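One structure is given here, and the rest of the page talks about it.
The values are calculated or read from the model by the stated rules, or taken from the named source; none is laboratory data. The structure presented is a predicted model; accordingly, all values stated were derived computationally and were not measured. All Cβ positions, glycine included, derive from the backbone under ideal geometry; neighbour counts span all protein chains shown.
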Amino acid sequence: MTSERATTLTCEECDAANAHRYQLPIFESRDERVFVLCARCARRERKRLQTQLDTSTGLTRQELIAELDRFFAASGVFDICRRCHEQGTGCCPPTCRVMDARGCDPANKYGKPVFCAVFVCGALLNAISECDAETGRELKRIKSELGSAEFRVYEMITRVPAKAREPVRPLVLPKSYPRPASLDGDRIRARLSELADEVLEIRRQWRLHEQREIE
């Protein structure tokens, strides 16, 4: 069976060959629009859509990232992630252009994409849910609904080989993101700190399992 990556697509606007699938993220609906366009038609459609995007409500991209970073710093999530990287079990790929020896470098010219700003590994997300179920549910929603729009950006920043990247590209990135429900990092910090060693042990076990699978 021919994979989607190997299929030659035809532009729906001008019938040119070597088109690609593009997706227009719509946060209010799971029925996201998909386009099949060549590079030239995609550029034209992107410019048209840029003039129509609503920026009057919600948060800008940088405001959303900053708000999430404040929560992760206040809750101690960043401290656990740092320890996870130090023990060699961190989620972030070492090929990422935003990473340095201590983790994300906020001064890096590429900047952190929204996908990274909303990402929490399963072990840590379960621990947060144990501390506060409502916060856990909100983070899961944010991760699935807001982060996916920039997964392609994440692939480029982390140097995923072009042939291995997701076949559907974002046509245009949102200018406005829904404001997350109240996230109180201070409220869960003490309890989450008590679960930190357990999270790190789970990560160690997962890494050992992954290594055995490779061998």
- prompt: Only one residue in Q211, Q205 is farther than 30 Å from R43 by Cβ and at pLDDT below 90, so which one is that?
  reply: Q211
query: What residue, among those in segment 9-68 that are at pLDDT below 90 and of a type in the set (D, E), is farthest from S176 (Cα to Cα)?
result: D31
- prompt: Restricting the search to segment 164-215, which residues are of a type in the set (S, T, N, Q) and surrounded by fewer than 17 Cβ atoms within 10 Å (Cβ to Cβ)?
  reply: S182, S193, Q205, Q211
query: Do the conditions hold for P94, that is, is it out of contact with any Ser or Thr (no Cβ under 6 Å at 6 or more places or on another chain) and under 30 Å from R43 (Cβ atoms)?
result: no
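Please find, within segment 63-83, the residue that is surrounded by the fewest Cβ atoms within 10 Å (Cβ to Cβ) out of those that are closer than 17 Å to R203 by Cβ and touching a strand residue (DSSP E or B) at 6+ places or on another chain (Cβ under 7 Å).
Taking the candidates together, the pick is R82.
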